Amino acid sequence: MEFDDIKQLLDLVEKHDLAELEVERDGLKLRIRKAGREVTFVPAPVAPPPPAAPAIALAGGPAPVAAPAAAASDAESVDLAVIKSPIVGTFYRSSEPSAPAFVEVGDVVKKGQVLCIIEAMKLMNEIESDRDGEIAAIYVENGKPVQFGDRLFAVKVS
């Protein structure tokens, strides 16, 4: 697949306002997913998703990296939204090692605010909040790998 072919596909995505386009040609599988300002390329071979875990394991899940003590007791009475990873890559809480984290537990966030960066194939993808609220938990440690669908943040919806 040549650069001009990829450019034509990107133009189609933009022209028809497509959220996602997947093409397979000559052993190359290309997926273009548009989420806000982000465009993601996933080259072949694409690994199959891991088998589903039992429901009991999903309910428990890994413990959050950081959460205030009050959040644990209020969790059942508060509406929490989980923000999941849209891609496979490496999770970073800040734009560079010496910079402060984009968000901390307890921070109030607005829809569209950058929460973290996921590096995938040398591209830095900003992950934004899809709702207004307060960060209740951060599930991934800085610099750790994440898979598609992994929990990143819990947000108390406001």
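Values computed for the structure shown
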read-out	value
Residue count for the range 117-144, restricted to those that are exposed (fewer than 13 other Cβ atoms within 10 Å of the Cβ) and either of a type in the set (S, T, N, Q) or without any contact (Cβ under 8 Å) to a residue 60 or more places away in the chain (or both)	4
Filter result (surrounded by 20 or more Cβ atoms within 10 Å (Cβ to Cβ) and either touching an Asp or Glu at 6+ places or on another chain (Cβ under 6 Å) or touching a residue at least 24 places away in the same chain (Cβ under 8 Å) (or both)) within the range 94-116	VAL103, VAL109, LEU115, CYS116
Given (1) closer than 21 Å to ILE32 by Cα; (2) modelled with pLDDT of 95 or more; (3) not small (Gly, Ala, Ser), index of the condition GLU119 fails	(2)
Within the range 98-158, strands (runs of 3 or more DSSP E) holding 3 or more residues that are of a type in the set (Gly, Ala, Ser) and under 15 Å from ALA81 (Cα atoms)	133-138
Any hit, the range 68-81, residues being surrounded by 14 or more Cβ atoms within 10 Å (Cβ to Cβ) and modelled with pLDDT of 85 or more	yes
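The values are calculated or read from the model by the stated rules, or taken from the named source; none is laboratory data. Predicted model only: the values in this text are computed from it and were never measured. Please note: Cβ atoms are built from the backbone with ideal geometry, for glycine as well, and neighbour counts cover all protein chains shown.
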